[in-house]
Amino acid sequence: MKFKSIELEQVAGFKSQWPSENIEEIAFVGRSNVGKSSFINAFLGRKSLAKTSSIPGKTRTINFYNIDNKFRLVDLPGYGYAKVSKKEKEKWDKLINEYLHDRENLKEVFLLVDIRHEPTDLDLQIYDWIIDSGFTGFIIATKYDKISKNQLQKHISAIMKKLDVEDEGLIFAYSSENKHNLGVIHEQIEVIINN
Ligand code: GTP
Ligand code: MG
């Protein structure tokens, strides 16, 4: 899939700032620091279009990336970051929940988890919601470069167990460092867009 024009169309801190629902959107959710913004950069082939940081809590708004006026990728704030104030946390949770629940043109939601760690109860809660809402339930297990290949199955199994995933094909072991499986995810997203 080659893109002609990629644009950060909107940075939204409020629902009233969301762009119109004229084209479909694919959203990326997950804990703070799992690598949502890094994935979007890698996917779009832009090094630093989406701002990333080693400090959790970098993305604090909903960022809409318009691709060829055909679809949008949506970068959401992360959840579960302990070091922000309760008030701030509530604000982000509201942003995320409101978007997931209210967005009519939401075509697919990908859950990102860090491959090294067992998903949290919050991950499970969101994943259950994803499945209950009728989305496929794709999972991108990030930072695969941080574990050795012979540890892969153990980590995938832990993710499947915690999130109650039966089909291993839904999980992509992925790395923004070495782009492992980026091509496969590209193909999957192309299928989603053209469906
Ligand atoms: P929030 O916006 O805070 O929710 O975080 P995020 O999920 O957008 O994470 P972000 O992309 O900002 O990445 C967080 C940190 O993890 C950065 O230091 C990235 O460089 C690093 N990172 C992201 N993906 C990978 C990966 O696949 N491998 C490695 N080794 N580091 C990664
Ligand atoms: Mg981010």
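Details
- Residue within the range 88-95 that is within 13 Å of ligand 1 (Cβ to nearest atom) and at positive phi present: no
- Condition met for ARG72 (among the charged types (D, E, K, R) and open to solvent by less than 40 Å² (accessible area, probe 1.4 Å)): yes
- Segments classed as strands (runs of 3 or more DSSP E), wholly inside the range 65-165, with at least 2 members that are within 19 Å of LYS36 (Cα to Cα) and touching a Ser or Thr at 6+ places or on another chain (Cβ under 7 Å): 106-114
- Matching residues, the range 127-140, being of a type in the set (A, V, I, L, M) and open to solvent by 20 Å² or more (accessible area, probe 1.4 Å): ILE131
- Residue identified as at pLDDT 95 or above and within 17 Å of the chain's Cα centre (by Cα) among ASP164, ASP123, ASP145: ASP123
- Test: residue in the range 170-179 that is modelled with pLDDT of 95 or more, open to solvent by 70 Å² or more (accessible area, probe 1.4 Å) and either among the acidic types (Asp, Glu) or farther than 20 Å from ILE40 by Cα (or both): yes
- Yes/no for ASN66 being more than 13 Å from the chain's Cα centre (by Cα), more than 8 Å from ligand 2 (Cβ to nearest atom) and open to solvent by 50 Å² or more (accessible area, probe 1.4 Å): no
- Pairs, first closer than 16 Å to TYR127 by Cβ and at pLDDT below 95 in the range 21-49, second basic (Lys, Arg) and open to solvent by 40 Å² or more (accessible area, probe 1.4 Å), C-beta under 7 Å, six or more apart: none
- Residue under evaluation GLU98, criteria (1) of a type outside the set (Lys, Arg); (2) near ligand 1 (Cβ under 8 Å from one of its atoms); (3) at pLDDT 90 or above, criterion not met: (2)
- In the range 18-30, the residue that is surrounded by the fewest Cβ atoms within 10 Å (Cβ to Cβ) out of those that are more than 9 Å from the chain's Cα centre (by Cα) and in a strand (DSSP E or B) is GLU24.
- LEU49, sole failed condition from (1) open to solvent by 40 Å² or more (accessible area, probe 1.4 Å); (2) within 14 Å of ligand 2 (Cβ to nearest atom); (3) touching a Pro at 6+ places or on another chain (Cβ under 6 Å): (3)
- The condition of being farther than 22 Å from ASN22 by Cα and away from ligand 1 (no atom under 14 Å from the Cβ) holds for only one of TYR79, TYR127, that being TYR127.
- Note on the range 75-85: among residues that are among the small types (Gly, Ala, Ser) and within 16 Å of ILE96 (Cβ to Cβ), the one that is most open to solvent (accessible area, probe 1.4 Å) is GLY80.
The values are calculated or read from the model by the stated rules, or taken from the named source; none is laboratory data. What you are looking at is a predicted structure, and each value in this text was computed from that prediction instead of being measured. Virtual Cβ from ideal backbone geometry, glycine too; neighbours counted across all protein chains shown. When the accessible area is computed, the model is the full protein with side chains, heavy atoms only, and any ligands, DNA or RNA have been set aside. Shrake-Rupley method; radii C 1.70, N 1.55, O 1.52, S 1.80 Å.
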